[in-house]
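The values are calculated or read from the model by the stated rules, or taken from the named source; none is laboratory data. This structure is a prediction, so every number in the text was calculated from the model and none was measured. When we count neighbours, we look across all protein chains shown, and the Cβ atoms used for this are built from the backbone with ideal geometry, even at glycine.
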Amino acid sequence: MIVIDGTDVIFGRMATMAAKKALQGEEIHVINAEKIILSGNPKEITDNFLARKAAKHLADPELSPKWPKVPHMLIKRMIRGMLPWKTPRGRVAYKKIFIYTGNPKELKAGEFEMKKYDGVSPHITVLRLCKMIGYRG
């Protein structure tokens, strides 16, 4: 079991490592998901996610892709894009990834040192992004 603390961690680096380890059969737990950093222009990132949520299937809108607003569910959905989701191997790996908002008492961040945000480049946190796309928590 691998526990990753998401505080000030760059999303792409954390997610690729989590997806790879899950495909190798490891169980991944990410804590403090709301504090993960998405690097880039905050306006462009927000507009990109709003466009994803607005995309609808014209004939039957219920068939449209679902994008969650809740931080831990959004992170899990984004990691799903890094897995071969349509194969049995990808589905098994997806079930081995657990994302938590906050820090459950039984989990302690452990062995992996992830690259932290440098404090210079433009960025947005997952919690702020979720609030901009409609999360009320």
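Side notes on the structure shown:
- Residue pairs whose Cβ atoms lie under 6 Å apart, separated by 6 or more positions or on different chains, with the first residue in region 47-64 and of a type in the set (D, E, K, R) and the second surrounded by 10 or more Cβ atoms within 10 Å (Cβ to Cβ), are Arg52/Trp67; Lys53/Trp67; Lys56/Ser64.
- Considering Gly110, Gly134, Gly119, Gly102, the condition of being out of contact with any helix residue (DSSP H, G or I) (no Cβ under 6 Å at 6 or more places or on another chain), within 20 Å of Gln24 (Cβ to Cβ), modelled with pLDDT under 95 and surrounded by fewer than 16 Cβ atoms within 10 Å (Cβ to Cβ) is satisfied by Gly110 alone.
- Whichever residue in region 84-99 is among the aliphatic types (A, V, I, L, M) and touching a residue at least 12 places away in the same chain (Cβ under 8 Å) and, among such residues, is surrounded by the fewest Cβ atoms within 10 Å (Cβ to Cβ): Ile97
- Filtered by the rule that a residue be assigned to a helix (DSSP H, G or I), under 11 Å from Ile133 (Cβ atoms) and of a type in the set (A, V, I, L, M, F, W, C), region 51-87 gives Ala51, Ala54, Leu74.
- Selection from region 47-73 of residues that are out of contact with any Cys (no Cβ under 8 Å at 6 or more places or on another chain) and closer than 20 Å to Gly6 by Cα: Pro68, His72, Met73
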